[in-house]
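Notes for the one structure printed next.
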Amino acid sequence: MPLLRDDALSAAFDHAAATYDRLTAANPGYHAHLRRSARRLGLPAAGRRLRLLDLGCGTGASTAALLAAAPHAEIVAVDASAGMLDRARAKAWPHNVSFVHAPAERLEEAGVTGPFDAVFAAYLVRNVADPDALLTAVRGLLVPGGRIAVHEYALGGRAVDRAVWTAVCRGVVLPAGRLAGDGELYRHLWRSVVEFDTAPDFGRRMARAGFDRVRILPLPGWQTGITHTVVATAPGTREAAA
Ligand SMILES: C[S@@+](CC[C@H](N)C(=O)[O-])C[C@H]1O[C@@H](n2cnc3c(N)ncnc32)[C@H](O)[C@@H]1O
């Protein structure tokens with residue numbers, strides 16, 4: 001079975017939206033790790049006068065993490081799945097958060113234009129058909145010196161990392177996904193991680209896409225060696241842009 005992409009992936013997420021929050025709530029560390037990755041953007045002044053993009057916001061878990069790190073920022077949260085977005089929109093948000101239904105590859109058509117001071121992309125990049133093109137486009141949306149945090153299942157590269165990921169999927173994720181009626185999406189989750197970059201390879205991919213100061217940061221718990229935050233900046237400095 002090929003990996004799910006584009007409309008097929010959105011349709012799978014539309015269906016999974018009903019149970020997504022319950023499944024992620026059962027994943028120890030899911031929300032705390034998102035908050036940690038959002039804090040790693042190092043956003044100043046609680047986000048005052050900043051404009052942030054949450055790419056692949058899903059049901060809003062990453063948006064909530066971004067909001068916790070920068071409660072005063074303007075946050076635009078985008079997702080390609082209408083079902084996931086409906087769940088996000090149904091939650092209570094302050095006026096500085098807005099949601100847009102669009103694929104990350106076609107933001108401009110949906111009226112989402114830069115510049116942004118920072119981008120957060122949690123569990124998105126591994127899912128897109130052309131990660132290099134996406135990362136290059138995202139870099140172009142950032143102000144000079146703007147920041148990106150990619151929070152992703154990108155394995156550490158040791159055999160044990162892959163073995164733990166496969167064991168967690170076989171023992172927990174795949175059975176839970178099948179029970180929820182979303183077996184195909186959760187099989188995609190397992191395989192897309194195994195077939196995606198290791199964290200060091202992903203760091204190199206970020207550098208190739210033109211990002212500076214790429215750092216790969218670990219996360220604790222069972223996700224050690226499995227989930228990472230990759231932070232980087234767009235070339236230039238804010239002062240030079242002013
Ligand atoms: C695993 S969920 C993560 C959601 C959220 N960021 C979180 O941390 O809970 C991945 C999300 O990315 C969205 N997605 C996948 N490919 C996309 C694309 N090309 N453009 C926009 N959203 C996409 C899916 O619809 C889904 O809601």
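Of note:
- Val100 long-range amide H proximity, modeled H, under 5 Å: Ala77, Val78, Asp79
- Anisotropy class of segment 1-121 from Cα gyration tensor, a/c 1.5 cut: oblate
- Figure legend: label point modelled 7 angstrom from the Cα of Arg48 along Cα→Cβ; residues of segment 74-118 with amide N under 16 Å from it are 74.
- Between Leu217 and Lys91, the distance separating the two model label sites (each 7 Å from Cα on the Cα→Cβ line) works out to 2.0 nm.
- Taking N as its residue count, the alpha carbon Rg of segment 6-241 over 2.2 N^0.38 Å: 0.95
- Fully extended contour minus Cα-Cα distance, from Ala68 to Asp7, at 0.36 nm per residue: 18.9 nm
- Dividing the summed -39500 (n - 2.57) terms of all DSSP H runs of n ≥ 4 by the residue count of the chain sets its mean residue ellipticity at 222 nm at -12500 deg cm²/dmol.
- Sequence-separation-based contact order of segment 1-97, relative, with Cα cut under 8 Å and 6+ spacing, percent: 31 percent
- When the alpha carbon gyration tensor of segment 124-242 is reduced to an equivalent ellipsoid, the three semi-axes, largest first, read 31, 15, 11 Å.
- Extension gain (nm, one decimal) between Ala82 and Ala159, 0.36 nm per residue minus Cα-Cα: 24.0 nm
No lab work stands behind these numbers, since they all come straight from the coordinates. Here the structure is a predicted model, which means the values were calculated and not measured. When we count neighbours, we look across all protein chains shown, and the Cβ atoms used for this are built from the backbone with ideal geometry, even at glycine.
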